Amino acid sequence: MRIVCGIEIKGSEAIVALLALDRGLFQVPDCRVRRVALQTPDSAHNLRYFQRTVAKLLADYKTAEVVIRERPTKGKFAGGAVGFKLEACIQLINDIEVTLLSSSQIKQRLKRQPLTVPFTETGLKGFQQGAFETAYAFLCDQPDPAE
C-alpha cells in the first residue's frame with residue numbers, strides 16, 4: 001500500500017489529507033490531524049516545532065511521500081512569506097520525498113481522471129478538499145507498485 005500526504009498551505013497552517021493507493025483502489029486512511037499550525041512565524045523554535053510535528057505525523061502513518069499544492073509567487077492568489085517558510089520546513093524533512101503540483105496540473109489530472117466518489121462521501125472536512133485533490137491528482141499520475 002502506498003500512502004501519500006496531500007498538503008495545502010493556507011496562511012500559517014498546513015492542511016493535511018492522507019490518501020492510499022492499493023492495487024488500483026483508493027482509500028482515505030483515518031488521520032488524527034487535519035491541520036498543523038505554526039504559532040509564531042518569526043521564531044526559529046516554532047519553525048522547528050512545526051517541522052518535527054509534520055515529520056512525526058508522516059512517520060506515524062508510514063508516509064514517505066508528500067505532495068504540496070503549489071502557490072503562485074505573483075498575482076492575486078500569491079502565497080505569503082509564512083506559507084513559503086512552511087513549505088521549506090516540509091521540504092527539508094529527512095527521508096521524505098516532496099513534490100509540488102500547480103493548480104493547473106491538478107485541474108488537468110482531475111479532468112483526465114475525475115473522482116468516482118463525491119468528495120462529501122470521503123469522510124474528510126470541506127476545508128481538506130484542496131489537500132485531498134492534490135494527493136489524488138498526484139497518485140493518478142503514478143504507477144501502482146502493487147500491480
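A few points about this structure:
- E8 being assigned to a helix (DSSP H, G or I), surrounded by 13 or more Cβ atoms within 10 Å (Cβ to Cβ) and among the charged types (D, E, K, R): no
- Residues that are surrounded by 21 or more Cβ atoms within 10 Å (Cβ to Cβ) and hydrophobic (A, V, I, L, M, F, W, C), drawn from segment 59-73: V66, V67, I68
- Residue identified as at pLDDT 90 or above and within 12 Å of the chain's Cα centre (by Cα) among F132, F119: F132
- Within segment 108-120, residues that are part of a helix (DSSP H, G or I) have Cβ atoms under 6 Å from residues that are modelled with pLDDT of 90 or more and not aromatic (F, W, Y) in these pairs: R109/A137; L110/A137; F119/Q129, counting only partners at least 6 apart in sequence or on another chain.
- Checked across segment 51-58, the condition of being over 16 Å from the mean Cα position of the chain (by Cα) and either among the hydroxyl-bearing types (S, T, Y) or under 30 Å from E121 (Cα atoms) (or both) holds for no residue.
The values are calculated or read from the model by the stated rules, or taken from the named source; none is laboratory data. Keep in mind the model is a prediction, meaning the values are calculated, not measured. All Cβ positions, glycine included, derive from the backbone under ideal geometry; neighbour counts span all protein chains shown.
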